[in-house]
Amino acid sequence: MNDGQLPDGAWRPMHDFGRWIGRRPFRLPFRVRVHGKDRVPSTGPIVMVANHSSMADGPILFGQLPRRTVFLIKQEMFKVRPVGWFLRKIGQLPVRRGEPDRTPLLAAVRVLRAGGVVGVFPEGTRGDGDVANAQHGAAWLARSSGALVLPVACRGTLRPEGARRRFLPVVDVLIGEPFALPDGRGRQALNAATELVRVRLAAVVAELDDLRGGRATPPNHDLSDDNGVGGAK
C-alpha cells in the first residue's frame, strides 16, 4: 500500500527495512546520538535539508529520522546492481548532478503534497559539511509544495584528514527548528529562499560543532534505540 508519501514503485515494507538498516547495522561502526528529535513535526510536508561530508550521512539520517523520508540521491548510485533496485524499492529518487532534471523534482513534489518528507543535501556533493554554498533544489521544492524546511546537521562520520582509523567514533545528529520560506516569485525570490536555507542549515551545523566541543547543552538527547521502525509515520 502506498499513500502517496512514497514515490511510485516503492514498497513500504522494504522502505522500513531500509530504515532498520540505517538504525541498527549502521550503529555498529558508530556511536550515534540524536538531539532535538521532538522538533520534527509529526505530520505535514517537510523538506529536510542536511549537510554532507560522508557517504554514511544518508543511511544514518534515513534510519534515525522519526518519519519515513524520500531522499534525492545522485544517479550514479542507481547504476550499481543490486543497489539501484534496492534504492528504488525503498523510495529514493535519482537526480543528475549539474543538469536540469525536473522528473525527480516533480516526483518529490507529489510526495510532499501527499504530506510526506523529502530529504535533500543542498550542498550537492560531499565536502567539509560547513554549508558554504547551496543549490536551489530544496528551496524550490519547499516553495512549490508549501512544505516546511527542517535543517539537520550531522557530524562525526568523516574521519579527519591524517587521523588514524577510529574505534566507534561518536556521530551526532542535531535537528533544528522547522521554518517556512517567505512568499515570492521569480529567480530573485528563489535565490533569496536558497540563501535562507543555507544560512539556517549552516547555523545548525555551527550549533552542533559547539555541542561537540562541549560549549552547548544538547536539546532533548535521544540515543534512538527505543523507537522502532514499526512506529514510523
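Observations on the model:
- Order of Asp3, Asp209, Asp172 under a 10 Å beta carbon neighbour criterion, fewest first: Asp3, Asp209, Asp172
- Cβ-derived FRET efficiency at R0 35 Å, Leu106 paired with Asp38, nearest 0.05: 0.65
- Charge dipole of the range 52-128 about the Cα centre (unit charges at C-beta), most positive-ward option of Gly119, Ala56, Leu93: Leu93
- Each peptide in 179-190, 81-92 was scored by the mean count of other Cβ atoms within 10 Å over its residues; highest first, the order is 81-92, 179-190.
- Dipole moment magnitude, nearest 20 debye, the range 1-152 about Cα centre, only Lys, Arg, Asp, Glu C-beta charged: 440 debye
- For Ala138, net neighbour charge (Lys/Arg +1, Asp/Glu -1) across residues whose Cβ lies under 11 Å away: +2
- For Phe26, net neighbour charge (Lys/Arg +1, Asp/Glu -1) across residues whose Cβ lies under 12 Å away: +4
- Only one residue of Gln75, His35, Leu65 has its Cα farthest out toward the positive end of the dipole of the range 1-80, where Lys and Arg carry +1 and Asp and Glu -1 on Cβ, and that residue is His35.
Values in this text are rule-based calculations from the coordinates and carry no lab data. Remember, predicted model here, so these are calculated numbers, not experimental data. Reconstructed Cβ throughout: ideal geometry from the backbone, glycine too, with neighbour counts over all protein chains shown.
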